[in-house]
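Structure first, commentary second.
The values are calculated or read from the model by the stated rules, or taken from the named source; none is laboratory data. As the structure is a prediction and not an experimental result, all values here were calculated from the model. In this analysis, Cβ positions are derived from the backbone assuming ideal geometry, glycine residues included, and neighbour counts consider all displayed protein chains. When the accessible area is computed, the model is the full protein with side chains, heavy atoms only, and any ligands, DNA or RNA have been set aside. Shrake-Rupley method; radii C 1.70, N 1.55, O 1.52, S 1.80 Å.
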Amino acid sequence: MMKRQTSKKVLTGIFLFCIFASILVVAYSMFISRDQEKQIYNIIMVPKTIDDTNDFWTSLIAGAELGAEEFNTNLEVLGGKSEVDIAGQIERIEEAIKKKPDVMLVAPCSYSETTEALQKVVDNGIKLILIDSVIDKDIAQSVVATDNYLAGKQLGEFARGLIDENTQIGIVAHVKGASTAIERENGLRDGLGKYEPQVKDVVFCGSSYDKAYSLTLEMLADYPDLGMILGTNEYSAVGAARAIKDLGLTGKVKVVGFDNSVEEIQLMEEGVFQGIIIQKPFNMGYLGIEQAVDLMNGKNIEKNLDSGCKLINRNNMYEEENQRLLYPFTGQQ
């Protein structure tokens, strides 16, 4: 009888111990979960430039700042005044490495010249996400960008419908060696199709409005019968369009380009631009932060995340959906 009672006590003790242990496991799991939720990550973003005159970069940074606020992260933005300052960007990348952030978001100025510096990011155990542009080595955990080849091709196909077999074409590109410039030009040429051999010149403005303006004047002097100009970013497209307007060639020389600054919208209303590819830089910045936080939290993320784009022309620019794309500063697109 005593043995039976002792056995019951032992079983009861084991049962109670198991319950108590289970409670501890659940409590610990809840504590860890809450601790992870409260984890604040440090993120440094290095865009190609911080330029208040350029709506693309101001919108991208605004999207990243909103993402940082919503996901409760610390965000620091380090950038220079020019997209062609490759050496300066490398210095900022190395400066950021010393601060030991959890994640770095970088829009590389050069397809190849920034690779070594970005390899150092990875070698120092810092997560790397590329935004807007890529490099010649697959070392980033994720890329958040416009599909620049397809965007260029779409713009080229639109331009093809505005010209004929006699139209001479010029391309005003932004930064030589930047992946966005390379991919967009390839897409433009493929989109032009049978008219691609009519491209007479390609110039690089170094992402300068003034240089794009002067290069357009020089191109028109060299090719007075030029009938189409394609600009590959905001700087190049706006600079070219200003030149066409000032020369009184609106409508005579067709202009298409990338991005959607207020000036570009006004120039399209005036008929200087026939069409522009609208990127979604606000989305790009926001999604970059979201990818970074998901990465740190151990979630699956997209290796290549297309932030989207759309062709806007004078016929569809006043549609409600497109107005939200043209004026994106009130929130996510």
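Per-residue ellipticity at 222 nm for the chain, helices alone: DSSP H runs ≥ 4 residues times -39500 (n - 2.57), over residue total, nearest 500 deg cm²/dmol? Estimated from H runs of four or more residues: -15500 deg cm²/dmol.
Once a ≥ b ≥ c are taken as the square roots of the eigenvalues of the Cα gyration tensor of region 199-247, is the result rounded (a/c under 1.5), prolate (a/b larger than b/c) or oblate (a/b not larger than b/c)? Prolate. Both radii were evaluated on the Cα set of region 180-312; the Rg over Rh quotient, with Rh as the Kirkwood radius, amounts to 1.07.
If you sort Val202, Val144 by accessible surface, 1.4 Å probe, largest first, the order is Val202, Val144.
Given Cα pairs under 8 Å that are at least 6 residues apart, what percent is the relative contact order of region 109-232?
27
Here the ratio of the Cα radius of gyration of region 58-122 to 2.2 N^0.38 Å is 1.15.
Need the full-extension length gain, Asn315 to Glu70, defined as separation in residues times 0.36 nm minus the C-alpha distance. One decimal, nm. Walk me through the numbers on the way to the answer.
Working: separation 245, 0.36 × 245 = 88.20 nm, distance 3.64 nm.
Once the chain is fully extended between Asn315 and Glu70, it gains 84.6 nm.
Calculate the spin-label point distance for Asp210 paired with Gln39, positioning each point 7 Å from the Cα along the beta-carbon direction, and give it in nanometres. Each label point is offset 7 Å from its Cα along the Cβ direction, giving 4.8 nm. Please check which bits of region 125-139 a label hung off Asn304 would reach, taking the label as a point 7 Å along Cα-to-C-beta and the cut-off as backbone N under 19 Å. Backbone N within reach: 128-139.
Hey, how many Å between the Cα centroid of region 297-315 and the Cα centroid of region 57-76? First find each Cα centre; the distance between them is then 17 Å. Taking every DSSP bridge with both residues inside the chain, close to 10 percent are antiparallel. Within 10 Å of each candidate Cβ there may be at most 12 other Cβ atoms; applying that plus a DSSP loop requirement, which trypsin sites (Lys or Arg not before Pro) in region 94-134 survive? Passing both the DSSP loop test and the Cβ count: Lys99. Relative contact order for the chain: 18 percent, from Cα pairs under 8 Å spaced at least 6 residues apart, divided by residue count.
Summing Cβ point charges (Lys, Arg +1; Asp, Glu -1) relative to the Cα centre of region 131-201 gives a dipole of roughly 100 debye.
Going by accessible area, probe 1.4 Å, with all protein chains left in place, what is the ranking of Asp51, Asp136, largest first?
Asp136, Asp51
Average accessible surface for the chain: 48 Å² per residue, computed with a 1.4 Å probe over protein heavy atoms with every protein chain in place.
Considering only protein heavy atoms and a probe of 1.4 Å, how much of the accessible area of the chain is carbon and sulfur, as a whole percent? Carbon-and-sulfur percentage of accessible area, whole number: 51.
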